[in-house]
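Report on one structure; see the data block that follows.
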Amino acid sequence: MRARQNCASSKARHRLDDWRNRVFCEDALSGLARLPEASIDLIIADPPYGLGKDYGNDSDKLEARAYLEWTERWIDAALPKLKASGSLYIFLTWRYSPEVFVMLKQRMTMLNEIIWDRRVPSMGGSTRRYSSVHDTVGFFAKGRDYHFDLDAVRIPYDEQTKKARSRSIFVGAKWLELGYNPKDVWSVSRLHREHREREDHPTQKPLEIIERMVKASCPPGGVVLDPFMGSGTTAVAARRCGRDFTGFELNLEYCKLIDSRLAALQDAPANPAPTESTSCP
């Protein structure tokens with residue numbers, strides 16, 4: 001009951017323009033309606049996958065048709081919030097990525113299908129099909145002049161590789177000095193139970209992945225929107241990279257978790273500015 005009272009009193013305090021660096025404890029569909037249009041540089045969406053996961057509510061328990069209808073509703077609510085130079089990353093399972101990609105290609109330009117190899121060890125699995133060890137990520141742009149800073153996410157070559165490229169045609173080559181373009185298969189370990197980043201959330205994404213997206217696709221000082229904040233990794237990544245954030249999360253306990261993670265950044269050198277707390281609308 002106290003949580004409901006806090007939400008109600010908070011609603012009166014927040015103005016329409018008081019949305020940057022806040023995670024609102026509410027459903028994304030209602031919250032997105034209050035955000036100004038063309039105000040967001042990047043959307044990173046990690047929605048429920050439709051696999052029946054327990055997020056403290058029934059948000060991941062829709063049947064296929066209802067799930068796709070819901071997906072279309074939140075996409076249509078979120079895309080008008082993007083600037084003309086904005087882009088979208090969306091995490092999906094292979095079960096629904098074909099339908100959702102078609103849905104998005106009718107509204108945006110698809111730039112990449114990224115495969116996140118979760119580095120799951122081979123420990124059994126189904127005996128009637130191959131084991132699924134990846135997530136699918138779609139990368140889409142709103143317009144032709146989308147922001148993309150390749151230099152911010154290049155992967156450095158090791159010294160042995162640099163030394164091997166000693167021929168004159170390689171001298172001074174920018175790509176050799178700065179590193180190579182990340183490929184569309186990202187091999188990054190999932191956050192196992194003993195991982196130092198791990199929080200109490202069933203589908204938490206690694207900071208390494210989210211920070212790459214933020215650095216490449218949101219300009220410094222820009223705003224990242226995450227409609228399904230979960231454990232708050234997008235908010236943490238945005239602040240670590242010098243960007244603002246906003247987003248929504250249904251589960252009040254996850255909102256408290258996000259608060260805690262952001263508070264831990266306040267004294268960290270990588271944090272460029274004080275963080276705001278999560279808020280109910």
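The values are calculated or read from the model by the stated rules, or taken from the named source; none is laboratory data. Model, not experiment: these values are computed from the prediction. All Cβ positions, glycine included, derive from the backbone under ideal geometry; neighbour counts span all protein chains shown.
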**Prompt:** Which condition number does E211 fail, the rest of (1) under 15 Å from I258 (Cα atoms); (2) part of a helix (DSSP H, G or I); (3) under 9 Å from the mean Cα position of the chain (by Cα) being met?
**Reply:** (1)
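Listed here are the residues, each with its yes/no results for (1) modelled with pLDDT under 95; (2) outside any helix (DSSP H, G or I).
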residue: E99; (1), (2): no, no
residue: W116; (1), (2): yes, yes
residue: G124; (1), (2): yes, yes
residue: Y130; (1), (2): yes, yes
residue: T136; (1), (2): no, yes
residue: I169; (1), (2): yes, no
**Prompt:** Are there any pairs with C-beta distances below 7 angstrom linking a residue in the stretch 24-48 that is over 23 Å from S97 (Cα atoms) and of a type outside the set (G, A, S) to a residue that is at pLDDT below 95 and assigned to a strand (DSSP E or B), with the two at least 6 apart or on different chains, and if so which?
**Reply:** F24/S279
**Which listed residue is outside any helix (DSSP H, G or I), farther than 18 Å from D117 by Cβ, at pLDDT 90 or above and touching a Pro at 6+ places or on another chain (Cβ under 7 Å), from G221, G242** = G242
**Message:** When you check K11 against the structure, is it in contact with an Asp or Glu (Cβ under 7 Å, 6 or more places away or on another chain), over 23 Å from K215 (Cα atoms) and either at pLDDT below 55 or part of a loop (DSSP other than H, G, I, E, B) (or both), yes or no?
**Reply:** no
**Prompt:** Any idea which of (1) under 22 Å from L150 (Cβ atoms); (2) of a type in the set (K, R); (3) modelled with pLDDT under 95 is the one K256 doesn't satisfy?
**Reply:** (1)
**Qualifying positions in the stretch 19-34 - of a type outside the set (K, R) and in a loop (DSSP other than H, G, I, E, B)** = W19, N21, C25, E26, D27, A33
**Fill in**
Across (1) surrounded by 11 or more Cβ atoms within 10 Å (Cβ to Cβ); (2) farther than 22 Å from P48 by Cα, R144 clears everything bar (1)
**Prompt:** In this structure, does Y146 turn out to be in contact with a helix residue (DSSP H, G or I) (Cβ under 9 Å, 6 or more places away or on another chain) and either assigned to a loop (DSSP other than H, G, I, E, B) or modelled with pLDDT of 90 or more (or both)?
**Reply:** yes
**Fill in**
Reported set for the stretch 101-114 where residues are free of Cβ contacts under 8 Å to residues at least 40 places away in the same chain and in a strand (DSSP E or B) is T109, M110, L111
